[in-house]
Amino acid sequence: MSWVGKSLRRKEDDRLVRGHGLFTDDELGEGMLHLYILRSPYAHARINSIDTSAAEALPGVACVLTGKDVLEHCDPYMQLGPGPTAEILDYSLARDKALYQGEPVAAVAAETPQLAMDAGQLIDVDYDMLDAVMDVETALENEILVHDNIGTNQTWNGVYEYGDVDQAFADAAHVVKIDRLHFHRYSSTPLENNACVAEWTRHGEVEFLCNNNFAGFAKQLLAPGLRLPIEKIRVRTFDVGGAFGNKIWNYVYMALCALASKKTGGRRVKWSEIRTEHLLASGHGNERTYLDTEVALDGDGVITAIRSRHLDDCGAYTRYEPLGCVIFSQVLAATYKLRNIRIEMTQAVTNKCPVVPNRGYSRMQQLWFMERVVDICAHELGIPADEMRLKNYITDFPYETPNGCVYDSGDYPKMLDMAKELVEWDKWVAYRDEARAAGRHVGIGIGTTLDSGTNNFGQAQIMNPYLPFSGNAEACIIRLDFDGAVVVTLGTGPSGQGHETSASQVVADELNIDPAMVTVRSGFDTNWNTFVGHSGSYASQFAVTGLSAVHGACQKLKAEMRQLAAFMLEASEEDLVLGVGDEGPELRVKGTDKFVNYWAMSNIVNNNNAVLQGELPDVTLNVRHVYRPPFKVPDVEKKFGNLTLTYAAQLHIAVVEIDPATSRVEIKAYAAVDDCGTVINPQIAHGQVHGATVHGIGAAIMESFDYDETGNLLTSTFSDYCPITSVNTPDIAYGNIETPSPFSYNGAKGMGEGGGAPVHTMSAAVQDALHGAGVIVTDSFTSPPRVFDMIRNPNRETAVSVDSR
Amino acid sequence: MSTTEVVAHEVDKIPVEITVNGTVYRREVEPRLLLVQFIREDLRLTGTHIGCDTTYCGACTILLDGEPVKSCTMLAVQADGSDVQTVESLEKDGELHPLQTAFSENHGLQCGYCTPGMLMSSVALLAKNPNPSDKDIRKGIQGNLCRCTGYHNIFKSIEAAAAAMREE
Ligand code: FES
Ligand code: FES
C-alpha cells in the first residue's frame, strides 16, 4: 500500500473547519498590553521632534516608544548587501527621517487596543516633508538620497554575462529592440495580517508567538537587533493564515513588541496589524524595469542572444534584499535554449514600501521578461506564439544553463500540447479570427514558467562574497512516544500547504502503517523543534527538503527498531517485517506469530531499560535527520553554479476578449498544466496550482500598489487594491504531467509558488488581442484603465523595432 | 515607566443582550466595540476571524438572525437583542456540519483563515437555495475572499454539501 500519491484528506482540516485553529490573533491571554503603531503619513520627511507627553498621560497607557528608545535598546538589523548597502541603518522605528508612507514612527502599549489607538492620536510628530524619490531611474541619479549616510541609492549592481553575446548579434538575421518593459508592484496579501505576542521574561529571554514563516531566520536577525544571544530568543508559530513569503520580515514588528514588553517590566504585548497597515507597510513584491533590451534571432526565429539592463526597485530598505538581484538568475533564460546572455542587474532604494519575497520571488520577474521577449519577437516576426516557443524550448534534460544551473527534468512541448487540448485551441483560434474580422479584440496567450525550488544558499555569495552561506538543509525528528505513538516534528512552520498530511503520508509508507497512526506536530517552536539555518516554508522546497528529512529520519528509526526488535525477539534483523498487527504497529518475524509492537519497544527504551543489560546503548527511538542536497559553492567571479535543485514547470494558456465599452479583459478560457515531478498528494498539489493561478490572474488584471508622485499609496485598502474574488475567477482547465526529478529521493520537485505563470500568460493574451491595433504590452498590469490607455495610445512605433538583414 | 497600576480609560458602557450560539449573554460594552470584537474578545469565540476590518474580505461573517453579516461592520450595540451564530455552532454533538465535511473532503481550505466566514456565507446560501448553480455559488460567496485556494475547490465543496444536504 502506498500512501504517497494519494489525495489523503488533510489532518489540519479537523481543527480549521471547526474554527479551532490557533492563529496568533486568537491569543487572548489575560493582562496583555496592546500595541498601536503610529506611522508616517509622508513618503519622505524629516522628523524634527516627537511629543509623547499627552499619550503618556492617558490613563491605561503603559509605555510609548520612539526612535530614541530603539536607538538606546537596539542595534540595526543585519544587512545582507555588500559595500555601502551594508551600512544601511534599519531599525523598527524611524529615527530622524521617515522613508516611506506607513513607516513606523512611534508605538504605544496600553491596556486595550482601543486605548492604544486613542493614545497614538495624541502623539504629536513635527515633520518637514521632503521630496520623495518614487521611481528607480530617478533614484539612480542620486539627487535625492533615501539613506543619507550611504551616499547613494544604488544597493547592488552586477553583470551576468555568458557565451559570446557580441558575436551572436553580429551573426543575427534579426535584431529586435524593446525600449522598456515594467513589472508592477503587487503582493499576495495573505488573508491573515501580521500579528505577534511578545514577552521579555524575567529570565532575560524573549518569547514570541507570531506568524513569521521563516522563524530560524527571524531569530538570527532579532537576537543581534535586540542585543541578545540567539538562544535567548524563542519563536513559536501555530496556524498561519497564508504567508506567500510576505511574513518573512515581520520581525521588525516582533522586535517592537519585545521592546514594549521590556519597558513595561515583562508584560506580554500583543500587536495585530490592520489591513491598511499591511498594504502600506508590510512588504510589496519586487518592481522591476527592463531597459534597452536587444534580442538576436537567426533566420528561423531561434533566439540566439539577449542583452538588457534590469533595474529593481526594492523600496526603502534592503530587507532580504539585494538577494533578488541573484535569485532571478535561477531562471536566467527561462525555458529557452539560448546561450549568449548579458544582463546588467541594478537595484536601488526608493521612498516606497520595502519589498518582501512574494510568491514567485524575483524569478517571476525574470520569467515575465523572457516571455515578453519571446512574444514580442514572435509578433514582430510574424511567427505564431506556439511555434515560436517550440523553436526555442529546452528539450534535453538534465540541462545545464549558461550560468551553471541544472534543470533536472521537464517536457515543455508536451505541456504545450496538453494545454492546447485542454483549452480547445483550434476552436478558439477560429473564434479569434472571426472576432477580429468583426473588429473585436480577442487574443490567445501562452505563458511558460518555472518554479525553481530548493535554493543553494551559495548564491548569496554572488550577491555578497562575504556572506557565510551556502547549500541548503532541512531537519526532522521522529520518535516513539511512551505508548508507541509515532511523533514527528518538522523544521518548517507551514501556512496552509498541508505539511502535517504529506509528512504523515511519507512516514506511513516507510513504516508500513496508516497515516492516521502518525502525529505530525502542528506549529513550530524554536525551543523544541529541530531546525537548521535554512529551515522554513519558503522557496518551494518542502516536498524535497522537508520530505527528504522525514524520509531520512524514518530510515534511522527503522534501523533502530530492527536492532531492538531483533534483540527482544532473539531473531535476525533480516527476518523482521514492519506492519500493523492486532496490537498496533509492530515488527514481526516473517511468517511467525513472534512480534513486538511499538509500545513494547518504546517501553523498554523509555521505562524498562534494565532489560537491555547494557546492550544497544545507541538505540533511543528518538532520531534526528538532517537532509542536505548535494550543492557546491558557486563560482562568485563568473556567477556560475547550480542555484536550485529542482525545476517544476507550469504552462498556461488564456483566451481573452477585451470589452469595447469598459476595456476589461474578459477571460473566455483558461488552461493550466503543471509538472512538479512525482506528486505526493494530488489534491494538495492541485490546490497549490489553483491558488497560484488565481493569485496571478488577480495580479495581472486587478491588483497593483499604485503610488502618486508624492508617495501616497493609492491602493491602501482592500476596496482599492481589489483582491480577486469568486466572481472574477475564471474556470480553469487543469492538467498535469509528471517528469520525476532525478535529484530528489522521491522524484518530487518543490512547487507552490507557480512562478507567476498567469502574469506572463495574461500579458501575452492581451498583446495578441491588441497587436493588430498597434499595441505592445510593456507592463505586467493590464487593468481596465491601463488597457483603455493602451488602445488610445498605441505604442508599437516607439516600443519596439526590428532590424532584419 | 514600568508596571504601575494603570486604570482603563473610562467610557460610558451600554448594556446589551445578545444570544450567541444559543447562549444568552448580558454584557456592558463600549459603544465603539465592534460585533466581531465582542465575539472574539469578550466571548472568546475566536473561530470568527478578521482579515480586513473594512467590510471587504468576509472572514468575519456570522449569521445575525439567520442573515449573513460581516461582523466587523456592525457595532456590538447594534446587535442588541439579536441571535448570532458563529462557526462554532455548526458542529452538533461531535458531528461536523455537511459543509464542514465537504470543505475538508474537497480541499476547500488551505490555511483555513477564510474558512469560518466561507462556511457561514455558505450556510446562508444553502438555506435560501438548496440547489445552487455554479453562478449562484460564486455570487453567494463573492463577499468572501480566499487568498489560498483560488476558489475552485470551495465551489466544489459547496456543491457537494448541497447535494449531501438535499439527500438528508
Ligand atoms: S474582517 Fe470583516 S469583512 Fe474583512
Ligand atoms: S484557505 Fe487561506 S484564505 Fe482561504
Linear extension gain, A:Gln555 paired with A:Phe482, 0.36 nm per residue minus alpha-carbon span: 24.3 nm
Per-residue HN-Hα couplings for the range B:92-109 [Karplus 6.51, -1.76, 1.60; θ = phi - 60°; Hz; x = Gly/Pro]: 10, 6, x, 9, 6, 5, x, 5, 5, 4, 5, 4, 5, 5, 9, 6, x, 8
Ranking by accessible area, most exposed first, for A:Arg342, B:Arg27 with a 1.4 Å probe: B:Arg27, A:Arg342
Vicinal HN-Hα couplings computed from phi for the range A:229-246 (Karplus, 6.51 cos²θ - 1.76 cosθ + 1.60; Hz; Gly/Pro x): x, 4, 6, 7, 9, 10, 10, 10, 10, 10, 6, 10, x, x, 9, 6, x, 5
Chain A: DSSP helices with Cα axial extent of at least 24 Å and average Kyte-Doolittle hydropathy no lower than -0.5: A:363-381, A:547-569, A:682-701
Within straight-line cross-link reach of A:Lys632, aspartates and glutamates at Cα separation under 18 Å, skipping those fewer than 8 residues along the same chain: A:Glu400, A:Asp408, A:Glu474
FRET efficiency for A:Glu87 and B:Asp136, using Cβ-Cβ distance with R0 set to 60 Å, rounded to 0.05: 0.55
Sequence-separation-based contact order of chain B, relative, with Cα cut under 8 Å and 6+ spacing, percent: 22 percent
Residues A:Ser2 and A:Val577, FRET efficiency given R0 of 22 Å [Cβ-Cβ distance, rounded to 0.05]: 0.85
For A:Tyr186, residues with placed amide H under 5 Å, excluding near neighbours: A:Gly285, A:Phe705
3J(HN,Hα) from dihedral phi, the range A:23-40, Karplus parametrisation 6.51/-1.76/1.60, rounded to Hz, x for glycine, proline: 8, 4, 5, 7, 6, 10, x, 5, x, 7, 8, 10, 9, 10, 10, 8, 10, 5
Spin-label pair A:Ala437/A:Ser470, simplified geometry with 7 Å Cα→Cβ offset, distance in nm: 6.3 nm
Heavy-atom SASA rank of B:Arg147, A:Arg267, A:Arg9, A:Arg202 (probe 1.4 Å, accessible area, largest first): A:Arg202, A:Arg9, A:Arg267, B:Arg147
Charge dipole (debye, nearest 20) of the range A:1-80; +1 at Cβ of Lys and Arg, -1 at Cβ of Asp and Glu: 600 debye
Dipole in debye (nearest 20) - the range B:65-168, about Cα centre, beta carbon charges: Lys, Arg +1; Asp, Glu -1: 580 debye
Computed accessible area, A:Ile737, all protein chains, 1.4 angstrom probe, square angstrom: 10 Å²
Taking the range B:14-89 and dividing mean pair separation by its residue count, relative contact order in percent (alpha carbons under 8 Å, at least six apart): 40 percent
Theoretical gain in end-to-end length, A:Leu390 to A:Glu56 [0.36 nm per residue, Cα-Cα removed]: 113.5 nm
Whole-angstrom Cα spans of the range B:98-167 along principal axes, big to small: 29, 22, 17
Computed accessible area, B:Leu64, all protein chains, 1.4 angstrom probe, square angstrom: 30 Å²
Where A:Met463, A:Met517 fall by accessible area, highest first, once all protein chains stay in place (1.4 Å): A:Met517, A:Met463
Average Cα contact separation per residue, chain A, under 8 Å, 6 or more apart, as relative contact order %: 17 percent
Residues with amide H under 5 Å from that of A:Ser7, placed H, sequence gap 5 or more: A:Gln683
Ellipsoid equivalent to chain B - semi-axes via the Cα gyration tensor, in Å: 32, 17, 14
Cα Rg over Rh - the protein assembly as shown, Kirkwood: 0.97
Cα centroid separation - the range A:93-166 against the range A:304-356, whole Å: 21 Å
Gap separating the Cα centres of the range A:402-465 and the range A:275-299, nearest whole Å: 18 Å
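Of the cross-linked pairs A:Lys219/A:Lys270; A:Lys247/A:Lys749; A:Lys558/A:Lys594; A:Lys337/A:Lys668; A:Lys97/A:Lys352, which ones have a Cα-Cα span greater than 20 Å in the structure shown?
Cα-Cα > 20 Å for A:Lys247/A:Lys749; A:Lys337/A:Lys668; rest within.
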Given charges at Cβ of Lys, Arg, Asp, Glu: the range B:98-167 dipole, positive-most of B:Ser157, B:Met118, B:Thr101: B:Met118
Assigned charges on the beta-carbon of Lys, Arg, Asp, Glu; the protein assembly as shown dipole about Cα centre (debye): 580 debye
Accessible surface of A:Val802 - all protein chains present, 1.4 Å probe, nearest 10 Å²: 60 Å²
Shape category assigned to the range A:12-107 from the gyration tensor of Cα positions, a/c cut at 1.5: oblate
Sequence-distant residues sharing a close amide H with A:Lys97 (under 5 Å, placed H): A:Ile47
Separation of alpha-carbon centers, the range A:491-537 and the range B:22-80, rounded to whole Å: 35 Å
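Within the range A:598-694, which trypsin sites (Lys or Arg not before Pro) sit in a loop by DSSP and count at most 10 neighbouring Cβ atoms inside 10 Å?
Answer in residue order: no site qualifies.
Give me the net charge of B:Asn106's neighbourhood, meaning all other residues with Cβ under 12 Å from the Cβ of B:Asn106; Lys, Arg count +1, Asp, Glu -1.
Neighbourhood net charge equals 0.
For B:Glu67 and B:Glu167, what is the calculated FRET efficiency with R₀ set at 30 Å and r taken between the beta-carbons, to the nearest 0.05?
0.70
The values are calculated or read from the model by the stated rules, or taken from the named source; none is laboratory data. None of the values given here were measured: they were computed from a predicted structure. So basically every Cβ, Gly included, is an ideal-geometry build from the backbone, and we count neighbours across all protein chains shown. Ligands, DNA and RNA are excluded from the accessible area calculation, which covers all protein heavy atoms including side chains. Shrake-Rupley method; radii C 1.70, N 1.55, O 1.52, S 1.80 Å.
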